[in-house]
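The values are calculated or read from the model by the stated rules, or taken from the named source; none is laboratory data. Bear in mind the structure is a predicted one, so any value in this text is a computation, not a measurement. Cβ placement follows ideal geometry from the backbone for every residue including glycine, while neighbour counts extend to all protein chains displayed.
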Amino acid sequence: MLNKFTFLLLLLTANFIFSQDLYVSDNSYLYARDVVVFVNDDIRLETPTSNLFFRGDAQLIQNTDTKNSDAGELSIYQNQTTNVYEYNYWCSPVGVSIDGTVQDNVVFDGTNIHDPDDDTDVTNVLSIAYSFTTAYNGTATELSNYWIYTLIDGEGYYSWNQVFDTGLIDTGYGFTLKGSTNPNNVLDFRGRPNNGTITVSCAFDGTDNQPTSGTLDTAETLTGNPYPSALDLKLFIIGNTSIADGGTAAATILSGEIFFWEQKVKNSHYLADYEGGYGVYTPGELVNLADNGTYATAAFEDYNQDGSTNSTTTLNTTDYSTNNARRFAAVGQGFVIQSNNVTNGGLVTFNNSMRLYLPEDSNAIGNGSIFAKNGNSKNNEDTENEIVVMSHNGLDYKSIIENPTIVPEIRLHTYINNTFYKENVIAFRETTPDNNTYNRFYDGGNINELSSDAYLISSNKELVIKSINYDESTRIPFGLKASKDNTLFNIKIHKLKDIPESVSVYVFDNENNTYTDVKNGTLEVTLNSGIHNNRFEITFAKNSLDIVDNTFTDFEILQNNSISQLKLINPTGLSIKSINVFDVSGKKVLVDKINSTKSEYSYSTKSFSNGVYIVKITSSNNQIFNKKVVVSNKNN
């Protein structure tokens, strides 16, 4: 339909086009298909008839922080879910076009969502603004405005804010929207293209007003990719992180994870019928940009009217872990971020250095930017097998994608009552700071809070992703939660990625003192209602606590409960670097960095709670000796 306009400014069909700045005059437009358009400075779309039409995998990247201006519009497509009952999480790449030369990112509302005249015709540039209905169900020509919600600094289910199609959504904030009955389900986002620095709030006010809904003492914000290009989520996290101290300072605003909503088709608007959950992305080692991170899939559970979960679901979500660990967000993709700690949080920043051109490939085994939905990906019938990726931030993305750092992974699936499974991922990262503590950015939190659940534990935090520097003696506490008596758990390895054949994986049952090989079999256990955090561990050797390296042949570890004392006997004068003691949850309860060699070391255990502890001895040549001891203080 290109001939329906009076003047064709440029027809872009090469892989790349560069412009210092871009001005589109009255009754003119630029049409681009499956290419990257790079503009160094600003874009001026002079009048409402000055347009940019991006089709296929065309994307826009800008360099400077100058904002775009005037009344014309960018038109860019994205597919939505194929069902009127399921949500997509969105973030608009455009805002309302405003006449005049004032340069700024502008708010978004329902008028920016258009219905293409013929979305199967890549030359089509005609569309009309979508109509909205107040009914629960959308139609082929109308979207339901009832399901448009935002989440800003939220503390749980009741923090979602209904804005309908008339509510103004500031640049960078996400929104929810359900689909239509149209089998193509293409939305045409039309408006002023977003560019430059964009800030959104993710701040916890210090008081958790919904402690039983959502993660305790944190705030969540629905945001997303705010640009008409792909977004590097690892750079987004790095850009909001103090790297020098490992991301532990107050300057670190985010928790270190990104959460993606996934939902099963249920053909119902009732919350009690919803089945959905959040997949979790962690960026891994921040200073290694070839480490794409780790992704754990969502477990689908259904929901009560207060937003809490039930345990009757039957399906899980798509596994995007092989698609660059879901590092790259496609145009329009919304996601949830979480504040750091109780007193942290604030303004989160997006900027142009996080942008790249990467065609969308929203398939589980794909290789591109991802927009999750249960329909088809954007039209890319001309896409070749060769990866086409471009950026102006200096990174060699082609090398990163084709030759990423290999991070071996164990994907452990726990099937609960034979209805759904919970995925937990153990990633072998050599740079993991400490196997026995929670490591921000390496580990991923358990945001889903399922009524019956399975999770890894470190530093008293529930995790779905745990990174370790592989050592056969490592033991990872593994928690199970049962919502009712006689809850059945079946635990086994679902997938091993780049794990050496020699690596074994066991689940240790502390109550029965048994090891089950879950690499070649399944642990089946029935538990009564409650939280079982102290019973199970993931190990890589049978009886690994009692393995003694030759270095420690004469070394002894003794617990004398009559005097509440832990004694370490070192008769050969072995050079010791450190002595650490951990409880079964992985919390470090004693640390001693050794400065001089002694024949004996003794420590009071009067302050310890009764229970099992792990004593970890590290020699000066980094050999490790672990020993399990039982503390039983009479006064506890």
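How many residues does region 459-507 hold that are among the β-branched types (Val, Ile, Thr) and closer than 28 Å to residue 622 by Cα? Show your work before the answer.
The first filter runs over region 459-507 and keeps only residues among the β-branched types (Val, Ile, Thr), leaving 464-465, 468, 474, 476, 487, 491, 493, 499, 503, 505, 507.
Going one step further and asking which of them are closer than 28 Å to residue 622 by Cα, we end up with 465, 468, 474, 476, 499, 503, 505, 507.
Within region 459-507, residues that are among the β-branched types (Val, Ile, Thr) and closer than 28 Å to residue 622 by Cα number 8.
If the requirement is being surrounded by 19 or more Cβ atoms within 10 Å (Cβ to Cβ), under 20 Å from residue 165 (Cα atoms) and either touching a Phe, Trp or Tyr at 6+ places or on another chain (Cβ under 7 Å) or hydrophobic (A, V, I, L, M, F, W, C) (or both), which of these qualifies: 89, 85? Spell out the reasoning first.
Numbers: 85 fails: either touching a Phe, Trp or Tyr at 6+ places or on another chain (Cβ under 7 Å) or hydrophobic (A, V, I, L, M, F, W, C) (or both).
89 is the lone residue from the list that is surrounded by 19 or more Cβ atoms within 10 Å (Cβ to Cβ), under 20 Å from residue 165 (Cα atoms) and either touching a Phe, Trp or Tyr at 6+ places or on another chain (Cβ under 7 Å) or hydrophobic (A, V, I, L, M, F, W, C) (or both).
Are any residues in region 41-57 over 22 Å from residue 97 (Cβ atoms) and surrounded by fewer than 24 Cβ atoms within 10 Å (Cβ to Cβ), and if so, which ones? Talk me through it step by step, then tell me what you get.
First pass over region 41-57, keeping only residues over 22 Å from residue 97 (Cβ atoms): 56-57.
The one that is over 22 Å from residue 97 (Cβ atoms) and surrounded by fewer than 24 Cβ atoms within 10 Å (Cβ to Cβ): 56.
For region 534-559, which positions are surrounded by fewer than 17 Cβ atoms within 10 Å (Cβ to Cβ), at pLDDT 90 or above and either on the phi > 0 side of the Ramachandran plot or within 39 Å of the chain's Cα centre (by Cα) (or both)?
534
Output the residues belonging to region 75-111 that are among the small types (Gly, Ala, Ser) and modelled with pLDDT under 80. Talk me through it step by step, then tell me what you get.
Applying the first criterion (among the small types (Gly, Ala, Ser)) to region 75-111 yields 75, 92, 95, 97, 100, 110.
Correct list: 97, 100.
Filter region 394-419 down to the residues that are surrounded by fewer than 17 Cβ atoms within 10 Å (Cβ to Cβ) and basic (Lys, Arg) and list them by number.
Within region 394-419, just 398 meets the criteria.
Restricting to region 122-149, name every residue that is assigned to a loop (DSSP other than H, G, I, E, B), of a type in the set (A, V, I, L, M, F, W, C) and in contact with a strand residue (DSSP E or B) (Cβ under 8 Å, 6 or more places away or on another chain). It would help to see each step written out before you state the result.
Of region 122-149, the ones assigned to a loop (DSSP other than H, G, I, E, B) are 122-126, 130, 134-141, 148.
From what's left, of a type in the set (A, V, I, L, M, F, W, C): 122, 125-126, 135, 140, 148.
Within region 122-149, 122, 125, 126, 135, 148 qualify.
Could you list all residues from region 422-439 that are surrounded by fewer than 22 Cβ atoms within 10 Å (Cβ to Cβ) and not in a loop (DSSP other than H, G, I, E, B)?
Matches in region 422-439: 428 only.
Residues that are assigned by TED's automatic domain parsing to the domain that holds residue 417 and within 25 Å of the chain's Cα centre (by Cα): find the strands (runs of 3 or more DSSP E) completely inside region 471-518 holding 2 or more of those. Before you say what the answer is, go through the steps one by one.
Numbers: elements: 475-482, 487-497, 506-509, 514-517.
In region 471-518, 475-482, 487-497 are the strands (runs of 3 or more DSSP E) which contain 2 or more residues that are assigned by TED's automatic domain parsing to the domain that holds residue 417 and within 25 Å of the chain's Cα centre (by Cα).
Mind listing just one residue for me: the one in region 3-56 that is within 20 Å of residue 121 (Cβ to Cβ), among the hydroxyl-bearing types (Ser, Thr, Tyr) and at pLDDT 90 or above and, of those, nearest to the chain's Cα centre (by Cα)?
The residue in question is 31.
If you scan region 145-166, which residues turn out to be farther than 18 Å from residue 260 by Cα and among the charged types (D, E, K, R)?
165
Can you go through 391, 467, 458, 451 and tell me which one is within 30 Å of residue 35 (Cβ to Cβ), hydroxyl-bearing (Ser, Thr, Tyr) and surrounded by 17 or more Cβ atoms within 10 Å (Cβ to Cβ)? Give the steps one after another, and end with the answer.
Values: 467 fails: within 30 Å of residue 35 (Cβ to Cβ); 458 fails: within 30 Å of residue 35 (Cβ to Cβ); 451 fails: within 30 Å of residue 35 (Cβ to Cβ).
Just one listed residue meets the conditions, 391.
(1) of a type in the set (A, V, I, L, M); (2) surrounded by fewer than 18 Cβ atoms within 10 Å (Cβ to Cβ); (3) touching a residue at least 24 places away in the same chain (Cβ under 8 Å): which one isn't true of residue 143, the others all being true?
For residue 143, the failing item is (2).
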